[in-house]
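Enquirer: Questions regarding the structure given below will be posed in turn.
A short reminder: the numbers here are calculations on the coordinates, not readings from a lab. Predicted, not measured: the structure shown is a model, and the values here were computed from it. A quick note on method: Cβ atoms are made from the backbone with ideal geometry, for glycine too, and the neighbour counts reach across all protein chains shown.
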């Protein structure tokens, strides 16, 4: 059975999974479904938490992005995105967890208020927007400090940590809220490098088309 990945790539978690699978040259069927708060019973049967992405492959159903990435890593270990050394793996997974908090507290609200609500002609929640903007510096400063002068967050090659942070930064790109290079030089340079990769360029273009935005 071929790989089937359900979820629209505007979601950073779908984007993370698609980047990993594309970088590993794993062919898959993209099913751009998004529950939008009203999931179908069919979708809940494969994703009990009503979240995307969901991977279906050879009788296996996995409704979580990080679990999907770990699964395909086992099946297709090259190129590796999960570090082999214990300390490096722990650090990579920690950065993923920290990035998830960035998504919940900053990127998600900013993307919703600055991109999605105007798109569907709904009023912006100014309080939610202000709260996200207020929290943003602490998250960006920490990520900037973890990069320092390194190319990647962990070790000398791209890992799940880099893909995760870069995927979330796409949402900030759409919300015109990317890290300021003067304030967060290491993080801004990292984002530019990652978003310059063909895998990210293709998905950013796909997002722009879905959102009715220019390049």
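Enquirer: Among 136, 36, 169, 183, what is the fewest-to-most ranking by other Cβ atoms within 10 Å?
Expert: Numbers: 136 19, 36 8, 169 27, 183 12.
Listing 136, 36, 169, 183 from fewest to most nearby Cβ atoms yields 36, 183, 136, 169.
Enquirer: Here's something else I'd like to know. For the chain, modelled as a GNM with alpha-carbon contacts under 10 angstrom, which of 201, 138, 113 fluctuates the most?
Expert: Of the options given, 138 has the highest mean-square fluctuation.
Enquirer: From the gyration tensor of the Cα coordinates in region 118-197, what semi-axes in whole Å does the equivalent ellipsoid have, largest first, with each one equal to sqrt(5λ)? Kindly include the intermediate steps, with their values, before the conclusion.
Expert: Values: eigenvalues 135, 41, 20 Å².
Its equivalent ellipsoid spans semi-axes of 26, 14, 10 Å.
Enquirer: For region 3-75, compute Rg over Rh where Rg is the Cα radius of gyration and Rh is the Kirkwood radius from the inverse mean 1/r over Cα pairs. Display every interim value, and only then the final one.
Expert: Working: Rg = 11.3 Å, Rh = 12.0 Å.
Reported Rg/Rh, Kirkwood definition of Rh: 0.94.
Enquirer: Which distance in Å, rounded to a whole number, links the C-alpha centroids of region 156-179 and region 5-77?
Expert: Taking the Cα centre of region 5-77 as reference, the centre of region 156-179 is 18 Å away.
Enquirer: Report Rg/Rh for the chain, rounded to two decimals, where Rg is the Cα radius of gyration and Rh the Kirkwood radius. Let's see the in-between values first.
Expert: On the way: Rg = 16.9 Å, Rh = 17.8 Å.
Here the Rg-to-Rh quotient is 0.95.
Enquirer: Can I ask one more? Taking the chain as a Gaussian network, where each spring joins two C-alpha atoms under 10 Å apart, which residue of 143, 93, 49 fluctuates the most?
Expert: Among 143, 93, 49, the largest GNM mean-square fluctuation belongs to 49.
Enquirer: Separate question: Using only DSSP helix segments of four residues or longer, with each worth -39500 (n - 2.57), what per-residue ellipticity at 222 nm results for the chain after dividing by its residue count and rounding to 500? Let's see the in-between values first.
Expert: Details: 9 runs with 112 residues, N = 215.
Roughly -16500 deg cm²/dmol at 222 nm, from the helical runs in the chain.
Enquirer: Now a separate question. Which residue, 83, 185, 39, has the most motion in a Gaussian network model of the chain that connects Cα atoms within less than 10 Å?
Expert: Per the Cα network of the chain with a 10 Å cutoff, 39 tops the list.
Enquirer: In what sequence do 115, 170 fall when counting other Cβ within 10 Å, fewest first?
Expert: 115, 170
Enquirer: Find the centroid of the Cα atoms in region 182-208 and in region 80-106, then give the distance between the two in whole Å.
Expert: Going from one Cα centre to the other spans 18 Å.
Enquirer: Here is a follow-up. Of all beta bridges DSSP finds with both residues in the chain, what is the antiparallel percent, to the nearest 5?
Expert: Details: 6 of 10 bridges.
Close to 60 percent.
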